[in-house]
Amino acid sequence: MPSSISQDVAKAGTFKPQRSFADEIYRHVREPFPWLIVIFTAVVGLAPVVMDDVSLRESLLLAAVYVTLASNLNLMIGYAEYVNFGNIVFFGLGGYIGVYLATSWHVNLVLSVLAGGVCVSALAYLFGRGILGLRGAFFALATIGVNEAIHAFVTNFEPWGGATGIYLSMDAYEPLGGPMSGLWFCYYLLVLVMGLSLLLSYAIKTSKFGLGILAIGQNEDAAAVLGVPTPRYKAIIYAISGFLPAVAGGLYFFKSGIIEPNGAFDLTTSIEAIVMIMLGGAGTITGPVIGAFLYEELRGFLLFSETFSHLQLVLAGALLLIIVLFVPGGLLGWLRARLPWLRKWLQ
Amino acid sequence: MTEGANGALLLDVEELEAGYDDVQILWGISLKVKAGTMTTLVGANGAGKTTTLRAITGAIRPMGGRVTFGGEDVTRLSTHAKAARGLVLVPEGRQLYPDMTVEENLEMGAYAARARKRYDDHLEKVYALFPRLKERRRQRAGTFSGGEQQMLAIARGLMSDPRILIIDELSLGLAPVVVQQLVVTLKSLKEEGTTILLVEQNVHLALALSDYTYVIAEGHSFTEGPSSEVAAKPEVRQAYLGL
Amino acid sequence: MTALLQAINLSRRFGGVQAVSELTFTVNQGEILGLIGPNGAGKSTVFNLLNGVIAPDTGQIIFDGKDITGLPPYTVARHGIARAHQIMQPLLGLSVLENCMVGACFGRENMNLADAREAAREVAQSVGLGDRINALAGSLTTAGKKRLEMARALSAHPKLLLLDEVLAGLNPTEIEHMIETIRGIRKGGITILMIEHVMRAIMSLSDRIVVINLGKRLAEGTPREIAENPEVITAYLGDSKLLATAEEGAP
Amino acid sequence: MRKGFYLLAAAAFLAAGPALAEDTVTIGFTASQTGKLNNDSTSQLRGFELWRDDVNAKGGIKAGGKSYKVKFVSYDDESQGTRVQQLYTRLITQDKAQFLFSPYSSGLVATAAIISEQYGKVMMSIGGAEEKTYKLGNKYLFQTYTGASQYLAGALDVLKHKNPKAKIAFVYEDDPFSKAVAQATRELAKKDGFTVALEESYSSSTTDFGPIINKVISSGADALLGGGHYADGSTLARQLHDQKAKLKWVTLLVAPDSPNFSKLGDSAVGISVPSQWEPQVTYKPDFGPTPAEFAKEFTAKYKIAPGYHAAGGYSGAMILQHAIEKAGSIDPKKVAAELNKTDVTTFFGKCKFSTDPKSHGLQIGHTMVLAQWQMKDGKLVKEVIWPDNAKTANIMY
Amino acid sequence: MIGILASVVDGVLVGAVYGLAAMGLTLIWGVMNVINLSHGAIIVLGMFVVYFLTGATGVSAYVGIPVVVVVGFVAGIIIYWMSVNRVIGRPILMSLLATFSLNMIIIGLATAAWTTSPYNVPVSLPGITVQNYTFTGTHIMAAIIAGAIAGILYLFLHYTRPGKAIRAVASNRDAAELNGIPTRQVLAMAFGLGVALACVSGALIATLFPFTVLSGGAYQLKSFVVTVLGGLGNPAGALLGGIALGMVEGLATPFTPVSWTPIIEFGLFVLTLIAFPRGIFAFTKA
């Protein structure tokens, strides 16, 4: 037996496989998962129209924003296992850039928010190169610091209205056909952004880049020794994780009619996004979606119920504690552990 | 450090079952250690040696079976409670307090009330055994080489006033010359009557040093006997010790 | 014989400790070179210097004709140096296959994902992990993890493989098995530099041995020459009679 | 006028006859039950609730021959904008609220208005003082309070009398409202020939004003105008006292208006506050209770004297009631038209809205008063010191 | 010039209290690698304890400090067993979230009980006046107490058995357990100690400034900054870090608008982290 091993190893060392790029693409299209994402996005987008329910649109809009935040944050927290506590800075900064361009410069809304996304990603890449050298809790603290520093900066930045922020006049919605259709337009775009976030999450998870990121998440030093260019990959994933939240920020604050620093850089929202990831299951594609919807439903329920509205913070906290202590894998992790045959679908 | 009657049953492990989460690793391990002897536990990698030690010391909770120490059922006690009773483990990988000085490390070894009472005696004795440590008593443990760290780990174990000293992987990662020194130390401890349970990958070394040997395989007790006899059994040598 | 790797006058300090000083040695194409020395001699530091985990204070590393001094580990890996660690560092949450794929994807050949999958499968099979290919790395036994450490390094199709105490903690049968594996790797055309304390293995595997002590080169030569070198015996092997007791079993 | 109203009401009652229907009108709003605005928002909420109970006790709002009992639907907005639009959409589409009150604070008002405007729902803004909010093109938003730019006009007036050459330090919270107030006042002060010795804004979370006060001392200012909300304002007042800043005049926004301010003891003496309303004012209302009646009723119910947030809440609701009754309908368009015409004095003072399309809904009738904490027989009391026609005590400079 | 000096001195006095607050955070981090996100809520707890204590008994706030220590210690131990014990040794995210959820619970309950209205603890001590500038007695007293407590903590950790046990557990938990140290109890004790420190700092802050249920957030952020300056896990560094932060604040205000202070603070924070991940004052432990 030993000699056969020696033969095998000798062979393995020189093996050269052949496979084309087209095969790789085909493999993805054949997979059911991306199609599930597309269908899900379409359902969310059309539900309020079909059911003729504006109130539902508002809830779904918030949910779509949360899914976008959670799913992109999951790229850092779930894949690269870098705990980003200040993720909201992308959302806020993207919101400011988007709203500023759309109102002060009258740039087309779509272009404005895309510009917000690009700027934020570029900034994230630069910042990332600096702070991603930090590990674990140090990184988490640094992200809080970045958020607070930018928060303080924007508060003093007069072109963006300083502490007052930017108020949108009703005229701002005119290019979109008035506030009513403007809000619908923002909704569709936000749902689209949500769908793209999920596809992005899938694409990364099934790519070579994603494998490198997952390796970094498991053991960064080992990954580096295996050849994963860790500093560059980390900065790239950080930049990517900022893009769609920034776009969503532009749309969301445009829709809200006002952006001001305290609302734009609220750390609590950042942490809520983490809670959603935990609720659904970190490191999975669908986990953040499930988590965001569950969380949104739950907060909604607590907020609207007479009995609980005063204690909603307490109850939300207690729920989070229970999840962290007893179901750390989130709903998906829990299901995967119990129903192994479902793993293919519970990604 | 000496147990009253030599040859009396000190540690009695019966049908121990243990594992992690859903995975059971030990399926019934039994072993007995008599006072004043040196016993070894050997087995292939993955046979469950470390798990056995962890279950005995309480780092993991046994799923079944019983651990009796000095006549008392200690199966469900926590690790520190067992240590306080003199069931002392020198763990694999030394596990020192790198930021504390040598003497502080030793002091922590004597944390339990029982050991603290004889702190001064033990300190003197340990320094006599390892003069190197005395020279460097104010130095941080983290600055030591592997061999020195293993010495400090054993010294710290001795500070706990052990009724039994369990040593996990004495020679792992150590240069031959260091192993030799440690073997000498171990022999002298044994001569003084310290009860030792040794888990050692280096089967030759283990069999040569000890009085009695237990062989475990795949989480079960496989065979046992005086070390020389175990070493001589061809089927054991071949299948379970890989000799 | 051509030199694959040359370490020239390498030095590195940590705080007040000179971990490696003025160390020079050469690894030839196709050989197995053993690196031994007492604990704290600086062996692992040498490996860390070679594969870029830490940069040398002074000195130069030439690999395959290129100067790789001070390059980060992932660039060194791309040049074709792979390493199996003494303390196993499997990517616990990934499967055995995925672990190996990381090696294949980001190693010397920079394969795409599909190629890497095939290459990884092949290598995992060859080191005896074929039936555990989809198991999580965290669920492997110590020996399994050692094997994975090797497989992952091999999947990169490296030119030079650094093996850091891959035999530590294995029992004699497993050691035999691993020795065969290492021989097989060399047969596949991969040069090997290994740190090992298990004398029997290093003596039988190595073409040449370098002994270091206190960060300096103490001796160099064939296994036989090393075993008979009095300086090496004092510093590292100790009393040969006792050694025999320890190594060869019951008297 | 008042008699006229009663006649009108009686006529309406007679016209409707005994078959008066038991209808309800639903008013929706969000309040800050949690979060940083909780304190002020709660006072305002009490005003709303007192009004509702009063109205319902009298049989409801009478309009077009019907009598509408008032029903509130409200949610917690957690003092932040995240859910405001969701909640207002829900109030309108699901809870079928016919009228709305705004959330507390300007930013939230602007956010909510985007929803209410879409549905053509009248929203009474109570607690959104910043003028910016009313210059965004809204048509159904009506402001109860005097706008931010007027807040410190009274304080400047007092200074003009006492020390026309005063050096003024502006120290204010970095939030939309306080900033708007301070910046408007600074311009006024410059125009009036005062010297601006220092201008500093501080973040809402500031708790240590030591460094700022040292700066104030260094600047040699005689007067300090600014502040923000309760927490920071009370801290600032206390530290000014502790650090013995020798200022002759201090006017702070919002904080000193709260009855709790008296807990600061000596630190409170001499501090003045611009107020939308004080219980002592002597306005003669055309509609609803007198100031004294309101104060008495409020104190009886909540065991605490009403501040202007509570009074504003009550009066804002009452303006809506007035407009509904005038319109004789709960149709929002008719009510809005009636609000545009409103020119009424309540216990809260005069109320009139701008109908200029560029600033529609902006309050242009109401004026502020200036109150000051003074020691009276060893007890701290808040006295109205300005304008002269409303004052209850002399200025302490 | 004297204005600047006054500003710096004031900064140092307040900084000592920040340092004390951060000491609790850094101790907990050092011993169990948990960043306590309920730190701010706990500081607020200390404020309310002293508020009700002085209100109910009329004693001076300073007399109440020992009571605050005891209450904080007990609260810390309860919190430890409730939410921290299970997340020790798990990924950093878990402990962050566990303590954050606790923060939500405490803030939620406190808001329900006390609303977010401001409270004020009346203390007056004679201050020291130099020219126009007054250093209030409460500031001076708070700084003295903070310094004293820091000293006591140092002595405790280095010269008492439980203190050494805390260091041992911080250094290697498994080994400590094998040495017969009841590590969970030691961890609970360390957590209780950290919480007690936070509570005392809260009590001292309450003597300086009015506060609300939500005040803690700001002090928590400041504690992060201080902790990073002083070196995570290094209680002695925390005091220095706090004083450094106070000095920076004091030095910055005369020259820049106060609203820029947070930019300077957090900019410094991020830069320090990147340049000295172990903190400026982190001693290379000898």
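FYI, it's all coordinate maths here, none of it is from the lab. Quick caveat, the model's predicted, so the values are computed rather than measured. Heads up, the Cβs are rebuilt from the backbone with ideal geometry, glycines too, and the neighbour counts pull from every protein chain shown.
Just a few scattered comments:
- Stretch in chain A that is longest and holds no trypsin sites (Lys or Arg not before Pro) that DSSP places in a loop and that have at most 16 other beta carbons within 10 Å: A:136-342
- Spatial offset of segment E:19-57 relative to segment E:141-217 amounts to 10 Å, using the alpha carbon center of each.
- For E:90, C:208, the sequence from fewest to most other C-beta atoms within 10 Å is E:90, C:208.
- Reported to the nearest whole Å, the Cα centre-to-centre distance from segment B:117-135 to segment D:111-142 is 82.
- Among the chymotrypsin sites (Phe, Trp or Tyr not before Pro) found in segment A:243-347, those both in a DSSP coil and sparsely packed, with 15 or fewer other Cβ atoms within 10 Å of their Cβ, are A:308, A:345.
- Whether segment C:86-158 is rounded, prolate or oblate, judged on the alpha carbon gyration tensor where a/c under 1.5 counts as rounded: prolate
- Using a cutoff of 8 angstrom between alpha carbon atoms and counting only pairs six or more residues apart, the relative contact order for segment E:119-230 works out to 29 percent.
- Springs between Cα atoms under 10 Å define the GNM used for chain C, and in it the highest mean-square fluctuation of C:150, C:194, C:88 occurs at C:88.
- Using a cutoff of 8 angstrom between alpha carbon atoms and counting only pairs six or more residues apart, the relative contact order for chain D works out to 17 percent.
- Candidate cross-link partners of residue D:191 among the aspartates and glutamates, defined by an alpha-carbon separation under 15 Å and a same-chain spacing of 8 or more, comprise D:157.
- For the pair segment D:289-330 / segment A:136-154, the C-alpha centres are spaced 46 Å from each other.
- Helix A:287-304 axis versus longest C-alpha principal axis of chain A: approximately 30°, rounded to the nearest ten.
- Principal-axis tilt of helix E:137-159 within chain E, Cα atoms, nearest 10 degrees: 20 degrees
- Positive minus negative residues near residue B:216 (Lys, Arg vs Asp, Glu; Cβ under 10 Å): -1
- Kirkwood-based Rg to Rh ratio, chain A, C-alpha trace: 1.01
- Largest GNM mean-square fluctuation among B:83, B:217, B:128, using chain B with Cα springs under 10 Å: B:128.
- The chymotrypsin sites (Phe, Trp or Tyr not before Pro) of segment E:39-116 include none that meets both criteria, a DSSP state outside H, G, I, E and B (loop) and at most 10 other C-beta atoms within 10 angstrom of the site's C-beta.
- D (Stokes-Einstein, µm²/s), Kirkwood Cα radius, the protein assembly as shown, 0.890 mPa s at 25 °C: 68 µm²/s
- Which of C:105, D:351 has the fewest Cβ neighbours within 10 Å, and the rest in rising order: D:351, C:105
- Rounded to 0.05, the FRET efficiency of the residue A:322 and residue C:228 pair, given R0 = 56 Å and the Cβ-Cβ distance, is 0.25.
- Pairs beyond 26 Å (Cα-Cα), from B:34/B:187; B:82/B:134; B:125/B:187: B:82/B:134
- Folded to 0 to 90 degrees: helix B:119-129 orientation relative to chain B principal axis, Cα: 80 degrees
- Long pairs among B:49/C:145; D:132/D:358; A:208/C:146, criterion Cα-Cα beyond 22 Å: A:208/C:146
- Peptide A:296-303 has a mean of 3 when you count, residue by residue, the C-beta atoms of other protein chains within 10 Å of its C-beta.
- Space enclosed by the convex hull of the alpha-carbon atoms of segment B:41-189, per residue, Å³: 122 Å³
- Proximal charge balance of residue D:250 [Cβ under 12 Å; K/R count +1, D/E count -1]: +2
- Highest-fluctuation residue, D:241, D:309, D:360 considered, GNM on chain D with Cα pairs under 10 Å: D:241
- Loop-located GluC sites (Glu not before Pro) in segment A:236-314 whose Cβ has at most 11 other Cβ within 10 Å (DSSP): A:306
- Placing unit charges on each Cβ (+1 for Lys and Arg, -1 for Asp and Glu) gives segment B:161-222 a dipole about its Cα centre, and among B:198, B:184, B:221 the Cα reaching farthest toward its positive end belongs to B:184.
- With 27 Å as the limit on Cα-Cα distance, the pairs of D:96/D:303; D:244/D:376; A:234/A:255 that go past it are D:96/D:303; A:234/A:255.
- Förster-model FRET efficiency, 22 Å R0, residue D:192 and residue E:132, C-beta, rounded to 0.05: 0.25
- Binned Cα-Cα distances of chain E, short to long, each 10 Å bin given as a whole percent: 7, 29, 36, 21, 6, 1, 0
- Across chain D, the longest run free of exposed loop sites, meaning trypsin sites (Lys or Arg not before Pro) lying outside DSSP classes H, G, I, E and B with no more than 13 other Cβ atoms within 10 Å, spans D:304-397.
- Stokes-Einstein D (µm²/s) once Rh is taken as the Kirkwood radius of chain C over alpha-carbon pairs, at 25 °C in 0.890 mPa s: 132 µm²/s
- Relative exposure of C:87, D:395, judged by other C-beta atoms within 10 Å (fewest first): C:87, D:395
- Environment charge of residue B:32, counting only residues whose C-beta is closer than 13 Å and scoring Lys/Arg +1, Asp/Glu -1: -3
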